[in-house]
Amino acid sequence: MSGYQLLRQLDEHQISQLHDLYSRQWWTSERTLADIKKMLASSDLLFAYWDKQMDKLAAFARVLTDHVYRAIIFDVIVDEDLRGSGLGKKLMNDIIDETSHIERVELYCKEDKIAFYEKLGFATLPTTLLMRKG
Ligand SMILES: CC(C)(COP(=O)(O)OP(=O)(O)OC[C@H]1O[C@@H](n2cnc3c(N)ncnc32)[C@H](O)[C@@H]1OP(=O)(O)O)[C@@H](O)C(=O)NCCC(=O)NCCS
């Protein structure tokens, strides 16, 4: 687990690796490099684990927040080759620590990831419906 550097911003080379990582996830696969750069510049908190020796982006997540009432975590991704070794948990715990002063910390989640987030203290909200502008 040691050996990963926690980055709070990404250089061009690391952004290109994030683009690659996004291209392999179902909800981010269409994202373009230009839009990813804009997105990174406007995201409030970035968390990336960098393996310097391997020159590889091992994991990434980002947070949008007002720093008081609300924070939403997006794009929690561990590189496919590194899953199942505690990296996702470590990344989420870093985010939880840094957002612990915020009233509500939330995220979107599909059914198959509920157990992962429950272990980290998140719970589903059966009475809250997500609405999206069509
Ligand atoms: C979800 C994801 C980030 C988990 O990262 P990971 O590094 O494989 O997870 P970890 O090894 O840190 O697992 C931490 C714990 O959660 C459990 N866990 C991990 N994935 C799980 C899953 N899908 N369902 C249930 N439990 C899971 C592990 O068994 C481990 O349990 P333990 O602490 O009791 O040993 C990773 O699988 C991933 O990047 N998936 C693809 C992208 C994605 O779907 N992200 C979530 C968007 S909502």
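Data overview
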quantity: Per-residue HN-Hα couplings for region 107-118 [Karplus 6.51, -1.76, 1.60; θ = phi - 60°; Hz; x = Gly/Pro]; calculated: 7, 7, 7, 8, 3, 6, 10, 4, 4, 4, 6, 4
quantity: On Cα atoms only, tilt of 33-42 relative to the major axis of the chain in degrees; calculated: 60
quantity: Cα-centred dipole magnitude for region 1-63, charges only on beta-carbon of K, R (+1) and D, E (-1), debye, nearest 20; calculated: 100
quantity: Isotropically averaged projected area of the chain, using the convex hull of Cα atoms (one quarter of hull area), nm²; calculated: 9.0
quantity: Contact order normalised by residue count of the chain, Cα under 8 Å, 6+ apart, percent; calculated: 19
quantity: Sum of -39500 (n - 2.57) over DSSP H runs of 4+, divided by residues of the chain (222 nm, nearest 500); calculated: -8500 deg cm²/dmol
quantity: Peptide ranges 24-31, 46-53, 123-130 listed from the most packed, as the mean C-beta count within 10 angstrom indicates; calculated: 46-53, 24-31, 123-130
quantity: Residue (of PHE74, ILE96, THR124) at the positive-pole extreme of region 49-134, dipole from beta-carbon charges; calculated: THR124
quantity: Per-residue HN-Hα couplings for region 45-52 [Karplus 6.51, -1.76, 1.60; θ = phi - 60°; Hz; x = Gly/Pro]; calculated: 9, 10, 10, 9, 9, 10, 9, 5
quantity: Neighbourhood charge, 15 Å Cβ-Cβ cut-off, centred on ARG24 and excluding it, Lys, Arg +1 and Asp, Glu -1; calculated: -3
quantity: Where labels lie 7 Å past Cα in the beta-carbon direction, separation of LEU125 and MET54 in nm; calculated: 3.5
quantity: Radius 14 Å from Cβ of GLU98, net charge of other residues (Lys, Arg +1; Asp, Glu -1); calculated: 0
quantity: Label-point gap, in nm, between ASP20 and ARG132 - each point 7 angstrom along Cα→Cβ; calculated: 2.9
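Every read-out reported here was derived from the displayed coordinates using simple, explicitly stated rules and does not represent laboratory data. Just so we're clear, the structure is a prediction, and the values are computed from it rather than from any experiment. All Cβ positions, glycine included, derive from the backbone under ideal geometry; neighbour counts span all protein chains shown.
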